[in-house]
Every structure is written in structure tokens, then in C-alpha cells.
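The structure under discussion appears below in the form of C-alpha cells.
The values are calculated or read from the model by the stated rules, or taken from the named source; none is laboratory data. The structure displayed is predicted, hence computed values, not measured ones. Cβ placement follows ideal geometry from the backbone for every residue including glycine, while neighbour counts extend to all protein chains displayed.
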Amino acid sequence: MKKILFILTGAILFSCQSKQEQSFEDIIENGDLAQVKTKRDQLRAQADSLQSMVGLLNERVAELDPKAAKLVKDIVSKDTLYHHFIKIQANIETEQDVQVTPEYGGVIRLMVKEGSFVRKGQLIGTISDGGLSDQLNQAKIQVDQARAQLQQAEIQRDLAKTTFERQQSLWSQKIGSEMQYLQAKTNYETSQKQVLAAKQQVSAAQKGVSGTQAQLAKTRLVAPFSGRVEQVITQSGQAVSPGTPVIRLVNPSTVKAVANVPENYLAQIQKGTLAKIALPALERTFDSQVSLISSSINPGNRTFRVEVPIPDKDGLVKPNLNAELQLNDYTSENAIVLPQSVVREDSEGKFVFVIEQIQGKEGIAKKVYVEIGPESNGQVEVLNGIKAGQIIITEGPGKLQEGDRVLRSK
């Protein structure tokens with residue numbers, strides 16, 4: 001009686017509220033999200049209340065008229081693909097989550113803020129170069145001077161070569177003195193050495209430029225990958241040394257669920273195994289596959305590490321979120337699958353009610369004992385007792401018995 005009064009009271013209250021509030025049409029027309037959600041929740045509650053009232057009335061009819069057919073809902077059993085999933089607590093991590101550090105010391109000037117999105121290679125900040133720019137300019141001047149000296153040495157070499165070749169030709173004809181020939185040869189050899197020395201000076205000067213440029217490049221802090229600035233660790237104007245964390249950069253597009261799975265599932269869980277990631281905080285579930293399994297067992301808790309990528313196109317999934325990881329450890333291609341709620345149990349075992357001797361919408365309830373397999377997400381596989389095509393009662397009076405006349409609600 002208390003249950004009936006509670007349901008009736010709820011229905012009356014909802015009825016009164018609906019008279020005081022805006023009409024259904026007005027709420028739809030206004031387009032106010034909060035009002036739409038509130039109205040939806042109210043209607044759901046009213047529907048639940050009315051459904052409970054109908055159920056009580058059906059039970060009362062069955063009590064008052066034992067011969068009357070009892071109203072039931074049913075489904076037709078059929079062969080289907082069945083996946084069983086184990087559930088394990090998981091944590092959300094990201095492939096790319098690093099603290100960006102400089103390679104050069106000085107005063108830093110940041111060009112990003114927390115929450116900023118950056119591209120790979122984008123300039124994040126600069127560090128005072130401590131005179132490196134001046135050193136680079138001086139090094140470039142030295143390169144120009146060395147090149148000028150090389151050019152002059154090459155001119156002197158070419159002149160000495162021409163003189164030597166002329167004296168060599170004359171000496172071969174016994175014209176001129178040997179002293180003139182030897183002097184020309186010595187001058188040519190000396191000029192060649194001077195050209196070589198000048199080239200070495202140019203090379204050394206260029207290395208000085210390259211070295212200074214490399215040091216100067218270290219004063220530019222760039223993003224190692226595309227992502228979001230999760231945290232600014234060092235503020236602009238502060239002095240930093242090589243290795244000092246400046247910002248924390250996270251790539252939210254590479255999030256993954258990580259879990260430790262008991263070793264007894266090692267044979268069932270492999271790379272490519274179907275997986276679901278449920279995120280209660282977001283009220284979302286993602287379908288994916290196992291991408292990585294650790295190559296060893298943790299001796300402390302006898303588990304192995306599993307990683308599952310999350311296809312988060314909207315960027316809603318955050319690192320360190322709690323998650324429930326569901327892993328497919330068993331699959332049956334032609335299984336009879338029923339809602340777990342339809343399986344009842346008595347002293348002889350588990351059973352379901354089927355409908356037989358069907359005439360029109362009426363039939364007779366029959367108790368069938370079944371052997372059930374693993375349960376997953378409210379579904380259970382029936383291993384024995386039920387065949388495809390049988391009509392299974394899913395909802396009906398709590399006191400339903402074998403041989404009762406039933407009326408199918410659809």
C-alpha cells in the first residue's frame with residue numbers, strides 16, 4: 001500500500017507542476033537548453049511513475065482474475081555475435097607530455113600563455129644571448145677578411161705560376177740562368193702554400209660563424225611537437241640555466257588508457273584485442289583496440305601493462321582522468337544472448353520463461369532451465385536450453401508460473 005501511495009503521490013505532484021510551468025510547445029519554441037533538459041527529466045520521471053502504476057494494475061488484475069492472461073513483454077532469441085568484456089580500472093595518459101627546457105642560460109621572454117595551442121617548431125620564447133649576436137657579427141667580418149686574403153693569395157699564386165712556367169720553358173731551351181728558374185719555382189711553391197693557409201683560415205672563420213650561430217639558436221625555445229601549453233613553470237623575466245623547466249607541453253590528441261591486467265588474462269588479451277574506454281566524468285565511451293602489451297609481468301602485483309589509444313577527436317579527454325577499461329577476453333560468433341534480468345533461479349537451477357502454444361497474441365508460459373555462460377554489460381550468453389527462434393519473456397508479473405496464460409504486449 002505504501003508503494004502505491006508513493007507512486008500516486010509522485011504522479012499527482014508531476015501533474016501539478018506541469019500545470020504551473022510553461023507548456024511543452026513554449027519550451028520547445030524558446031530553445032532554452034536548461035528548460036529543455038528540465039522538462040525532459042520531468043517527463044522521464046512521469047513515464048517511470050506511470051509505468052510502475054501500469055505494472056501494479058496488471059499484477060492486481062492477475063490476482064483478482066487468475067484465469068485472465070497476464071500481460072508480458074518478450075523477445076525472440078536469435079544467433080548473434082557475442083563479445084564478453086572484463087572491466088579494469090585504468091588511468092588516462094598521453095604519449096607526449098613533456099617539460100620544455102632551454103639549452104642556454106640567460107633571462108627568458110615567453111611568447112605563450114597557459115592554454116595556448118602551439119605548432120611543432122613554433123617559437124615559445126627567447127633567452128638573452130649575452131653578446132652572442134655581436135660575436136656572430138664579428139665572426140662574419142673575420143670570414144670576409146679571410147676570403148679577401150684568400151683571393152689575394154690566389155692572385156699571387158696565379159702570377160707565380162705564370163712566371164714559373166715561362167722560366168721553365170726558357171730553361172728547357174737553355175735560355176736564361178738556372179738561378180732565375182729555381183727562384184721562379186720557389187716563388188710558385190710558396191704561393192701554393194699561402195693559398196692553402198688562406199683556405200684554412202677561411203674554413204676556421206666559417207666554423208666560428210657556425211658555432212656562434214648554433215649557440216645563438218639555443219637562445220630560441222621552440223615547441224618540440226604540436227600541443228597545448230598545460231603549465232607555465234618559469235615566468236618571463238626570470239633567469240634560467242640549461243635544463244630549467246620553462247613550460248609543460250601536452251599533446252591531447254595522443255591520449256591513451258593505461259591499465260594493469262591480472263596475469264591470468266594474458267592468453268586472452270593480445271595486441272589488437274577489442275576494447276572500450278568508459279569515462280564517467282565525461283559520460284562517454286570510446287571503442288578502440290589494444291595497441292601495446294608489456295613484455296614482462298610485474299612481480300609485485302602479478303599484472304601486465306596494457307595501453308589502448310583513445311580516438312578523441314574533440315579533445316575532451318584529459319590526462320589523469322579515471323577510466324574503466326573493458327577488454328574483450330571471449331567471443332562467440334553464434335551465441336544466444338539474453339538480458340541478464342530475464343534469467344531467474346530456483347532450487348533446481350537457473351531458468352527463463354518462454355511462450356508456447358501461441359494463438360494470436362496469447363500463449364502459455366513454460367519454464368525452461370538453462371546453462372549460462374559469461375555475463376557482460378547486462379547481457380548473458382545461454383550455452384544450453386534455448387535455441388534460436390524461441391520467444392523469451394522479458395517482463396511480466398513477479399508471480400508468473402509455468403502454465404499461466406500470457407498476453408504479449410506487442
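Being in a loop (DSSP other than H, G, I, E, B) and surrounded by 19 or more Cβ atoms within 10 Å (Cβ to Cβ) is the filter here; which residues of the range 94-114 pass it?
Keep residues of the range 94-114 that are in a loop (DSSP other than H, G, I, E, B), which gives 95-96, 101-105, 111-114.
Selection gives 102, 104, 112.
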Confirm whether residue 35 is in contact with a Ser or Thr (Cβ under 8 Å, 6 or more places away or on another chain) and either modelled with pLDDT under 80 or polar (S, T, N, Q) (or both).
no
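Rundown of residues vs (1) within 30 Å of residue 218 (Cα to Cα); (2) within 39 Å of the chain's Cα centre (by Cα); (3) assigned by TED's automatic domain parsing to the domain that holds residue 234; (4) at pLDDT 90 or above, yes/no style:
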site	(1), (2), (3), (4)
42	no, yes, no, no
46	no, no, no, no
52	no, no, no, no
57	no, no, no, no
60	no, no, no, no
91	no, yes, no, yes
115	yes, yes, yes, no
123	yes, yes, yes, yes
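Is one or more of the residues making up the range 320-333 more than 25 Å from residue 306 (Cβ to Cβ) and either part of a strand (DSSP E or B) or in contact with a Leu (Cβ under 9 Å, 6 or more places away or on another chain) (or both)? Give the steps one after another, and end with the answer.
So the first thing to find is which residues in the range 320-333 are more than 25 Å from residue 306 (Cβ to Cβ), and the list is none.
The answer is no; no qualifying residue exists.
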Tell me, please, whether a residue that is within 45 Å of the chain's Cα centre (by Cα), surrounded by 14 or more Cβ atoms within 10 Å (Cβ to Cβ) and part of a loop (DSSP other than H, G, I, E, B) can be found in the range 189-212.
no
Every residue in the range 117-174 that is within 30 Å of residue 192 (Cα to Cα) and either touching a Cys at 6+ places or on another chain (Cβ under 9 Å) or among the small types (Gly, Ala, Ser) (or both), please.
139, 146, 148, 153, 160, 169, 172
Which is under 15 Å from residue 72 (Cβ atoms) and part of a strand (DSSP E or B), of 367, 399, 350?
367
Considering residues of the range 62-87 that are exposed (fewer than 12 other Cβ atoms within 10 Å of the Cβ) and acidic (Asp, Glu) only, the residue modelled with the highest pLDDT
63
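So that you can scan it fast, the table gives a plain yes or no per residue for (1) in a strand (DSSP E or B); (2) more than 45 Å from the chain's Cα centre (by Cα); (3) surrounded by fewer than 17 Cβ atoms within 10 Å (Cβ to Cβ):
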{"residue": "129", "(1), (2), (3)": "no, no, no"}
{"residue": "135", "(1), (2), (3)": "no, yes, no"}
{"residue": "147", "(1), (2), (3)": "no, yes, yes"}
{"residue": "153", "(1), (2), (3)": "no, yes, no"}
{"residue": "160", "(1), (2), (3)": "no, yes, no"}
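Quick grid of which residues meet (1) loosely packed, with under 15 Cβ neighbours inside 10 Å; (2) touching a Cys at 6+ places or on another chain (Cβ under 8 Å); (3) part of a strand (DSSP E or B):
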site: 225; (1), (2), (3): no, no, no
site: 228; (1), (2), (3): no, no, yes
site: 237; (1), (2), (3): yes, no, no
site: 261; (1), (2), (3): no, no, yes
site: 277; (1), (2), (3): no, no, yes
site: 295; (1), (2), (3): yes, no, no
site: 304; (1), (2), (3): no, no, yes
site: 312; (1), (2), (3): no, no, no
